[in-house]
Amino acid sequence: DGIFVGPFDLSTAMGIPGQFDKPEFKEALRHVQRLCAEASKPSLLYAANEQTAREGFAMGYDSVTYGMDASTLVNAYKAARQNILGRQESV
């Protein structure tokens, strides 16, 4: 058992959808993590970007799910394509 926090779900439930920089939202994330730690339950967080993933680990979350598999795969292929084309252009 554990808690998986979806920032969009949490911010919407708080009446501030998508407003992840609000102090009350950040405090809610810290609160959930503290309660999980006190109950010896894992806390997991969804992060849409690397900065949010770093912040989640810094808050003490046990695990952070980074991005969605489809968008991560697309971004990896875009980066690989750019690397390949960049090398071809310099030859």
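Key figures
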quantity: Residue among ALA76, ALA37, ALA53 with the largest mean-square fluctuation in a Gaussian network model of the chain, springs linking Cα atoms under 10 Å; calculated: ALA76
quantity: Answer label for percent of Cα pairs over 23 Å apart (calculated), chosen among (1) 36; (2) 47; (3) 20; calculated: (1)
quantity: Dipole axis of the chain (+1 Lys, Arg; -1 Asp, Glu on Cβ), positive-most option in PRO17, GLY86, GLY67; calculated: GLY86
quantity: Top of TYR46, TYR77, TYR66 by mean-square fluctuation, Gaussian network on the chain, Cα under 10 Å; calculated: TYR77
quantity: Accessible solvent surface per residue of the chain, calculated while the other protein chains remain in place, 1.4 angstrom probe, Å²; calculated: 70 Å²
quantity: Within-15-Å neighbourhood charge of GLY15 [Cβ basis; K, R +1; D, E -1]; calculated: -2
quantity: Kyte-Doolittle mean at least -1.0, axial Cα span of 27 Å or more - DSSP H helices of the chain; calculated: 69-90
quantity: Mean separation of Cα contacts under 8 Å (6+ apart) over length of the chain, as relative contact order %; calculated: 24 percent
quantity: Charge dipole (debye, nearest 20) of the chain; +1 at Cβ of Lys and Arg, -1 at Cβ of Asp and Glu; calculated: 260 debye
quantity: Fluctuation leader among GLY15, GLY67, GLY56 - the chain, Gaussian network, Cα springs under 10 angstrom; calculated: GLY15
quantity: The stretch 21-38 residues near the modelled ALA58 label - backbone nitrogen below 18 Å, point 7 Å along Cα→Cβ; calculated: 21-34
quantity: The chain - percent of accessible surface contributed by carbon and sulfur, probe 1.4 Å; calculated: 57 percent
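The values are calculated or read from the model by the stated rules, or taken from the named source; none is laboratory data. Nothing here was measured: the structure is a model prediction, and the numbers come from that model. FYI the Cβ positions are ideal-geometry reconstructions off the backbone, even for glycines, and counts take in every protein chain you see. Just so you know, the surface numbers come from the protein's heavy atoms only, side chains and all, with ligands and any DNA or RNA stripped out. Shrake-Rupley method; radii C 1.70, N 1.55, O 1.52, S 1.80 Å.
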